[in-house]
Amino acid sequence: MTQEACQRYMEDPEADPRHVETCAECRAVTAALEAKADVDHAPISLDALPLAPWEGSSHRAWPLVLGAAAIVVAIALALCDAAGLSPLHVAESSLASIDARRGLLRSASDWLRGAPAMWQAAFGLAFVVVNALLVVLLRRAPKGIDA
Amino acid sequence: MRRALRLFLPLTAVAATLVTAMVAAPSSFRLRGPITVEDAMATIQNTAVIVSLLAIWMFAAVGFTLLSGREIRYSSLEMRASALHCFALGLVAVTSFVLTAIVFSYLIPYHVGVPLLFALGVIAILTKIYGTIAVFHAVGMLVAGTRTREQLARRRWLRGDLAMVVVGVIVLGALRLIPIVGPIIWALASVFGIGTALATKFGRREPWFLAWRAVES
């Protein structure tokens, strides 16, 4: 056997699996590797393994989803009707809460602009400390197992 | 199913006790005196707004899960694997968002503040939406997730990411309807969600920062 064929087999044994039958050298290397790795050829019982998170996750239970969505929408419409509200009012109330938060933010920045230098420095320090802590926490690798 | 009952029964008992105590308590024990017609109307309006927002959450959750179910599942797993880290990260991230928003508001007169504030708002809203959907998935898995293959094979509807997210929306939505306690639970869920979204980089399993390594000669 040529050195090139042996090299190709060592790089990718799946590409030419019959090479090992004809090359004694590669057969010896493969046998030695298998002996060293102590490969257990016993059959694996799938049911004995714990359930992986991705098993069955791609299933789309449309009857459940559509049924639940229809029930929630029906209850929402019934309650809106009973309360004399229109769906537009719900959107308005959400926007009003955003406006309230924006007002709080504006008043906080106004306060900061007029605050003594000591307070401004304390705020700057708090800003740096909190963001440094955020970076430290973000550096930690996730622990979750394969999804 | 037994696990779901174990979780559902105490929650239902607590919710029922709270609601019963608020409705049936003598007027002298109530915080705001006897219920008037205006109070009842305001309660109905408040409930209508909450349930309408819940319906919007359900559509958003289903849409997000259809688009990136794998990422949502990974974030949900991370939340259950390291809940404390996600919660701490969520608290720090919310504080950071607020402080950064104040700093950007401070910069509005210098014109650079407006685009920065807009970008921060978009990032914060996306983080909250993604994280809350991951919380829905985690709650759905805790309440109705399958533990064995036989259970998985037996179920026709109550399996898959989509079903878990819907179950989570319903459970958290039901809890949201409880006065006083509901908004607190929802706020805690948001903190958990923001922490999980950031801890997993929106389920992408990539590091936020590249580690510096010296070139080996």
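Exactly one residue among A:PRO87, A:PRO63 is within 30 Å of B:ILE72 (Cα to Cα), at the interface with another protein chain (Cβ under 7 Å from one of its Cβ atoms) and either charged (D, E, K, R) or more than 29 Å from the chain's Cα centre (by Cα) (or both), and that residue is A:PRO87. Just one residue in the set B:ALA101, B:ALA199 is touching a His at 6+ places or on another chain (Cβ under 7 Å) and closer than 30 Å to A:LEU125 by Cβ; that residue is B:ALA199.
Can you tell me which residue is surrounded by the fewest Cβ atoms within 10 Å (Cβ to Cβ) among those in segment B:188-212 that are in contact (Cβ under 8 Å) with a residue 60 or more places away in the chain and of a type in the set (Gly, Ala, Ser)? That would be B:SER190. Against the conditions (1) among the basic types (Lys, Arg); (2) within 28 Å of B:SER75 (Cβ to Cβ); (3) at the interface with chain B (Cβ under 7 Å from one of its Cβ atoms), A:ARG106 satisfies every one except (2).
Is there a residue in segment B:114-130 that is of a type in the set (Gly, Ala, Ser) and touching a Leu at 6+ places or on another chain (Cβ under 9 Å)? If you could, list the steps in order and put the result at the bottom.
Filtering segment B:114-130 for residues of a type in the set (Gly, Ala, Ser) gives B:119, B:121, B:124.
The next check asks that each one be touching a Leu at 6+ places or on another chain (Cβ under 9 Å); those that pass are none.
No: segment B:114-130 contains no residue that is of a type in the set (Gly, Ala, Ser) and touching a Leu at 6+ places or on another chain (Cβ under 9 Å).
To keep it simple, each residue is scored yes or no on (1) of a type in the set (Gly, Ala, Ser); (2) modelled with pLDDT of 85 or more; (3) in a helix (DSSP H, G or I).
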{"position": "A:VAL73", "(1), (2), (3)": "no, yes, yes"}
{"position": "A:ALA82", "(1), (2), (3)": "yes, yes, yes"}
{"position": "A:ALA91", "(1), (2), (3)": "yes, no, yes"}
{"position": "A:SER94", "(1), (2), (3)": "yes, no, yes"}
{"position": "A:GLY103", "(1), (2), (3)": "yes, yes, yes"}
{"position": "A:ASP110", "(1), (2), (3)": "no, yes, yes"}
{"position": "A:VAL128", "(1), (2), (3)": "no, yes, yes"}
{"position": "A:LEU133", "(1), (2), (3)": "no, yes, yes"}
{"position": "A:VAL136", "(1), (2), (3)": "no, yes, yes"}
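Being without any contact (Cβ under 8 Å) to a residue 24 or more places away in the chain, at the interface with chain A (Cβ under 8 Å from one of its Cβ atoms) and closer than 25 Å to A:LEU64 by Cα: is that true of B:THR148 here? Yes.
As for segment A:9-18, it holds at least one residue that is modelled with pLDDT of 85 or more, farther than 30 Å from B:MET41 by Cβ, in a helix (DSSP H, G or I) and more than 37 Å from the chain's Cα centre (by Cα).
Counting residues in segment A:118-129 that are small (Gly, Ala, Ser), free of Cβ contacts under 8 Å to residues at least 60 places away in the same chain and exposed (fewer than 11 other Cβ atoms within 10 Å of the Cβ) gives zero. Filtered by the rule that a residue be surrounded by fewer than 20 Cβ atoms within 10 Å (Cβ to Cβ) and farther than 21 Å from B:ASP161 by Cα, segment B:50-63 gives B:ILE50, B:LEU53.
Is it true that B:GLY173 is closer than 20 Å to B:LEU66 by Cβ and surrounded by 20 or more Cβ atoms within 10 Å (Cβ to Cβ)? Criteria met by B:GLY173. A:LEU51 satisfies every condition listed in (1) surrounded by fewer than 11 Cβ atoms within 10 Å (Cβ to Cβ); (2) not in a helix (DSSP H, G or I) except (1).
For A:VAL136, state whether it is within 35 Å of the chain's Cα centre (by Cα) and over 30 Å from B:VAL103 (Cα atoms). So A:VAL136 fails the test.
For beta carbons closer than 8 Å, sequence separation of 6+ or different chains, a first residue in segment A:48-72 that is closer than 16 Å to B:THR148 by Cβ and a second that is surrounded by 14 or more Cβ atoms within 10 Å (Cβ to Cβ) and of a type in the set (Ser, Thr, Tyr), the qualifying pairs are A:LEU51/B:THR146; A:GLY56/B:THR146. What single numbered condition from (1) in a helix (DSSP H, G or I); (2) of a type in the set (A, V, I, L, M); (3) over 25 Å from B:VAL166 (Cβ atoms) fails to hold for A:LEU77? Unmet for A:LEU77, out of (1) in a helix (DSSP H, G or I); (2) of a type in the set (A, V, I, L, M); (3) over 25 Å from B:VAL166 (Cβ atoms): (3).
The values are calculated or read from the model by the stated rules, or taken from the named source; none is laboratory data. For clarity, every value in this text was computed on a predicted model and none was experimentally measured. We place every Cβ from the backbone using ideal geometry, glycine too, and count neighbours over all the protein chains shown.
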